[in-house]
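Shown next, in structure tokens, is the structure this report addresses.
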Amino acid sequence: MTTANPATPVPARSPGFHRRILSDSGYVLLGLPLAVVSLTVLLVGLALGVGLLVLVVGLPILTGTLYAARGLADIERLLLATVRRRPRIRPRYRLPEPGARAWRRIFLPMRDIQSWLDLVHGILRLPVAIVTFVLTVVWWAVALTGTLYWAYDWAIPRGPDDVGLNELIGLGDTTRARVGLHTAIGLFFLLTLPVVVRGCALLQAGYGRALLTGVAEMRDRITVLEEQKRAAVSAEASALRRLERDIHDGPQQRLVRLAMDLGRARQQLANDPEAARRTLDEALDQTRETLAELRGLSRGIAPPILVDRGLPSALAALAGRGLVPIELRVDPDLGTPDGRPEPAVEHAAYFVVAEALTNVAKHAHATECRVTVSRAGRYLEISVVDDGQGGAHLAKGHGLAGIADRVRAGGGTLEVTSPTGGPTEVRAFLPG
């Protein structure tokens, strides 16, 4: 399987409700011991490194401390991926050049901004970890002890002078009042537990994200935007070259012949009117064929039906002109005013299907094809499957490179699965 633009995430299912609570709780509870270890190791290493700088031996100690901060930060990034339910993001640290000397390798982490951010995170994460740890433990403890209070109320020793909460608020000193009050408190904490635990996890994760992945995400986003810009330029340039080639090979040649036929007909009018009539008939046929080719070229740019009636109607018209029998499945909501994607997404989706069907007709030797367009969360999922000979690949061209550029320019992803012997599936995800 070949994938274009893997930086864009493909929509995935969210974890279950109970699994998310346990995952968030585990992340928060594990954060405190990790914060204690980080503070101890990094603070001691930093103090030793700075204190021994005058003896030079402090430089390797400081470098080792930065590498330890990097390792602890990698553990936090791995946990962040589970809490935020996003792919793990690891910054691009500076790497030593081949053959670099020892002292250059020692100074290398000190020139890396992310290494210092890892160190700051490891030293200052303890206050956030304490707050989130205490809140999570308190909410879990009160929720469990309160809702189960009825099971152990009888085992709690009470003296004659003991005054319970139920008495202080005027509910009386009865077992029913005592159990009812504690159970109500437990149910309140149990119902608010998911919100509190999730908030604590996001608070701790937000601090980690700001220092550990914020710069990396910004750099990755810049890289993705640059790739999308290059892909858009490449797609438009390819489309322009294809349009120029098609005009040169088709309508332009026909117009040149039309001009020659009209000139010949003008010369034949005086001497041979019958020959002039035949020449004019041929010129009329050339005009009709030229208009038909121009209409075909205009469909590849922006078919009017796509603008007027939406993607389902445009794809239905496209499938009706296919040379291979096509089974079309399009979400009808995509043609409604509320469900229509953005114009750029519609054009990109139409282009993907049109180019994929062109490849099927030219290269696949298929007997049937299935096109499916539907929504998958925040994405528009496009699938074109044929029963042809397979072997399609992005590196082999055949229009797939143009599809990949157009999809990447729109911030989407493209997957091509085409084993030898078939079948071939071209699947695209477009945001919107």
Helices (runs of 4 or more DSSP H) fully within the range 41-150 counting 2 or more residues that are in contact with a Lys or Arg (Cβ under 9 Å, 6 or more places away or on another chain) and crowded, with 17+ Cβ neighbours inside 10 Å: 58-84, 113-124
Could you tell me which numbered condition residue 313 fails, if it satisfies all but one of (1) at pLDDT 75 or above; (2) in contact with a Pro (Cβ under 6 Å, 6 or more places away or on another chain)? (2)
Any hit, the range 374-381, residues being surrounded by fewer than 21 Cβ atoms within 10 Å (Cβ to Cβ), among the acidic types (Asp, Glu) and under 18 Å from residue 320 (Cβ atoms): no
Any residue in the range 313-333 that is more than 16 Å from residue 375 (Cβ to Cβ) sitting within a Cβ distance under 8 Å of a residue that is polar (S, T, N, Q)? List the pairs, counting only those 6 or more apart or interchain. 324/367; 325/367
Find the residue count for the range 304-328, including only residues that are exposed (fewer than 12 other Cβ atoms within 10 Å of the Cβ) and not in a loop (DSSP other than H, G, I, E, B). 4
Please determine whether any residue of the range 342-364 is touching a Phe, Trp or Tyr at 6+ places or on another chain (Cβ under 6 Å) and either farther than 20 Å from residue 312 by Cβ or surrounded by 16 or more Cβ atoms within 10 Å (Cβ to Cβ) (or both). no
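To keep it simple, each residue is scored yes or no on (1) in contact (Cβ under 8 Å) with a residue 40 or more places away in the chain; (2) within 24 Å of residue 36 (Cβ to Cβ); (3) hydrophobic (A, V, I, L, M, F, W, C).
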site: 60; (1), (2), (3): yes, no, no
site: 73; (1), (2), (3): yes, yes, yes
site: 77; (1), (2), (3): yes, yes, no
site: 82; (1), (2), (3): yes, yes, no
site: 85; (1), (2), (3): yes, no, no
site: 92; (1), (2), (3): yes, no, no
site: 99; (1), (2), (3): no, no, no
site: 114; (1), (2), (3): yes, yes, no
Filter the range 388-432 for residues that are touching a strand residue (DSSP E or B) at 6+ places or on another chain (Cβ under 7 Å) and of a type in the set (Lys, Arg); which is modelled with the highest pLDDT? 427
Is it the case that residue 261 is surrounded by fewer than 16 Cβ atoms within 10 Å (Cβ to Cβ), over 28 Å from residue 408 (Cβ atoms) and either modelled with pLDDT of 75 or more or not assigned by TED's automatic domain parsing to the domain that holds residue 362 (or both)? no
Pairs, first within 12 Å of residue 363 (Cα to Cα) in the range 380-399, second at pLDDT below 70 and surrounded by 17 or more Cβ atoms within 10 Å (Cβ to Cβ), C-beta under 8 Å, six or more apart: 392/398
For the range 181-192, pairs from a residue that is farther than 12 Å from residue 140 by Cβ and touching a residue at least 12 places away in the same chain (Cβ under 8 Å) to a residue that is of a type in the set (Phe, Trp, Tyr) and part of a helix (DSSP H, G or I), with Cβ under 6 Å and 6 or more apart or across chains, are 182/149; 183/149
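The values are calculated or read from the model by the stated rules, or taken from the named source; none is laboratory data. Note that this is a predicted model, so its numbers are computed, not measured. Virtual Cβ from ideal backbone geometry, glycine too; neighbours counted across all protein chains shown.
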